[in-house]
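Colleague: Below you will find the structure I want to go over with you.
The values are calculated or read from the model by the stated rules, or taken from the named source; none is laboratory data. Keep in mind that what you see is a predicted model, and the values were worked out from it rather than measured. A quick note on method: Cβ atoms are made from the backbone with ideal geometry, for glycine too, and the neighbour counts reach across all protein chains shown. For the accessible areas, the whole protein counts, side chains as well, though only heavy atoms, and no ligand, DNA or RNA atoms are used. Shrake-Rupley method; radii C 1.70, N 1.55, O 1.52, S 1.80 Å.
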Amino acid sequence: MKNILLVHGPNLNRLGRRDAHHYGTISHADLVTQVKLWAQERDASMRAYQSNHEGSLIDVLQEQGDWADGALVNFGALSHSSYALHDALVDFGKPVIEVHLSRISEREAWRRVSLTRPACVDGVEGLGPEGYRVALEALLARLA
Ligand code: DQA
């Protein structure tokens, strides 16, 4: 059984109540439930975390590094600004796939750049919640 970490960053706790045009209507709780279900169906164990604070996200990556075989991360806007999260992913040392619900490559110029993506083995964007399923499949295939 593989252990997969799911990490969500700032404002993703507001899913379902923010910008439905870009992020859809699913709540954070329902999204996490769904992704955990997909993990369960593939016989993987999943721990999920969300924080609005950069340091807490770094703490989670450090604390869960021994447990996790890999991670799915959506750091929200911190993807576009945090060198510290990039470095934390490098230290994490396990395969990570970055997920964005919206198609960041077609939005504002500042949003098109992800500073954390280069520390990931792959990235999925613009598929909404389905992107997490695609990312999970890809991660588990790598870990098999
Ligand atoms: C997001 C894209 C980010 O640019 C934004 O700040 C978010 C959500 C996404 O999932 O599409 O909070 O990561």
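Colleague: Do you know which residues across segment 1-40 are hydroxyl-bearing (Ser, Thr, Tyr) and either touching a Leu at 6+ places or on another chain (Cβ under 9 Å) or open to solvent by less than 80 Å² (accessible area, probe 1.4 Å) (or both)?
Modeller: Initial filter on segment 1-40 (hydroxyl-bearing (Ser, Thr, Tyr)): 23, 25, 27, 33.
Within segment 1-40, 23, 25, 27 qualify.
Colleague: Which pairs turn up if I take residues in segment 65-78 that are within 18 Å of residue 142 (Cβ to Cβ) and look for partners that are crowded, with 21+ Cβ neighbours inside 10 Å and of a type in the set (Ser, Thr, Tyr) with beta carbon separation below 7 Å, at least 6 apart in sequence or on another chain?
Modeller: Cβ pairs passing all conditions: 72/132.
Colleague: Within segment 128-144, which residues are in contact with a strand residue (DSSP E or B) (Cβ under 8 Å, 6 or more places away or on another chain), open to solvent by 30 Å² or more (accessible area, probe 1.4 Å) and within 19 Å of residue 104 (Cβ to Cβ)?
Modeller: Across segment 128-144, the qualifying residues are 134, 138.
Colleague: When you go through (1) buried (at least 20 other Cβ atoms within 10 Å of the Cβ); (2) assigned to a helix (DSSP H, G or I); (3) not aliphatic (A, V, I, L, M) one by one for residue 98, which number turns out not to apply?
Modeller: (2)
Colleague: Among the residues of segment 98-107, is there at least one that is over 21 Å from residue 11 (Cβ atoms) and under 15 Å from the mean Cα position of the chain (by Cα)?
Modeller: No, segment 98-107 contains no residue that is over 21 Å from residue 11 (Cβ atoms) and under 15 Å from the mean Cα position of the chain (by Cα).
Colleague: Next question. Among the residues that make up segment 106-127, is at least one of them more than 10 Å from the ligand (Cβ to nearest atom), basic (Lys, Arg), open to solvent by 60 Å² or more (accessible area, probe 1.4 Å) and closer than 24 Å to residue 26 by Cβ?
Modeller: Within segment 106-127, one or more residues are more than 10 Å from the ligand (Cβ to nearest atom), basic (Lys, Arg), open to solvent by 60 Å² or more (accessible area, probe 1.4 Å) and closer than 24 Å to residue 26 by Cβ.
Colleague: When segment 1-44 is examined, which residues are found to be within 22 Å of residue 95 (Cβ to Cβ), within 14 Å of the ligand (Cβ to nearest atom) and without any contact (Cβ under 8 Å) to a residue 60 or more places away in the chain? Before the answer, list the steps.
Modeller: Residues of segment 1-44 that are within 22 Å of residue 95 (Cβ to Cβ), as a first pass: 1-9, 12, 31-32, 34-44.
Next cut, within 14 Å of the ligand (Cβ to nearest atom) only: 6-9, 12, 31-32, 35.
Across segment 1-44, the qualifying residue is only 32.
Colleague: Still on this model: Return the total of residues in segment 46-65 being among the small types (Gly, Ala, Ser), buried (at least 17 other Cβ atoms within 10 Å of the Cβ) and more than 12 Å from residue 4 (Cα to Cα).
Modeller: Qualifying residue count for the region: 1.
Colleague: Here's a follow-up. Hey, can you tell me all the residues within segment 63-86 that are away from the ligand (no atom under 15 Å from the Cβ) and in contact with an Asp or Glu (Cβ under 7 Å, 6 or more places away or on another chain)?
Modeller: Selection gives 84 alone.
Colleague: Determine whether residue 39 is in a strand (DSSP E or B) and either under 21 Å from residue 142 (Cα atoms) or under 12 Å from the mean Cα position of the chain (by Cα) (or both).
Modeller: Judged against the criteria, residue 39 is not a match.
Colleague: Which condition does residue 77 not pass, out of (1) under 14 Å from the mean Cα position of the chain (by Cα); (2) more than 17 Å from residue 11 (Cβ to Cβ), if it passes all the others?
Modeller: (2)
Colleague: Ok, one more. Can you name every residue in segment 66-84 that is open to solvent by 10 Å² or more (accessible area, probe 1.4 Å) and in a loop (DSSP other than H, G, I, E, B)?
Modeller: Passing the criteria: 66, 67, 69, 81.
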